[in-house]
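*Asks:* The structure follows.
Bear in mind that the values in this text are calculations on the coordinates, not laboratory data. What you see is a predicted model; the values in this text were computed from it and never measured. Please note: Cβ atoms are built from the backbone with ideal geometry, for glycine as well, and neighbour counts cover all protein chains shown.
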Amino acid sequence: FYMKRVSVSKHPDGWTAKIAGNERASKVCTTQAECREFGIDLAKKIGAEFTLHGKDGRIREKNSYGNDPKNIRG
């Protein structure tokens, strides 16, 4: 079972929202908040896991918008 992932991270031109495995960003934003909103909407649309990274690259927020397997604890 493989779940798609959408991540928002720092970029030379601001912030990017990107689907894991895609070469190009889905969107480049000037603010983290703008990209976060876009990334969450995108994750909901495609049933993916959403990850928000801070300026330092560390994960600040993580959420799953797919159909989670019920047998996994956590």
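*Asks:* Does ASP41 qualify as being part of a helix (DSSP H, G or I), free of Cβ contacts under 8 Å to residues at least 60 places away in the same chain and among the acidic types (Asp, Glu)? Break it down into steps so the answer makes sense when it comes.
*Replies:* Values: part of a helix (DSSP H, G or I): yes; free of Cβ contacts under 8 Å to residues at least 60 places away in the same chain: yes; among the acidic types (Asp, Glu): yes.
Yes.
*Asks:* Just give me the residues in the range 3-12 being among the charged types (D, E, K, R) and over 18 Å from ASP56 (Cβ atoms), in sequence order.
*Replies:* Passing the criteria: LYS4, ARG5.
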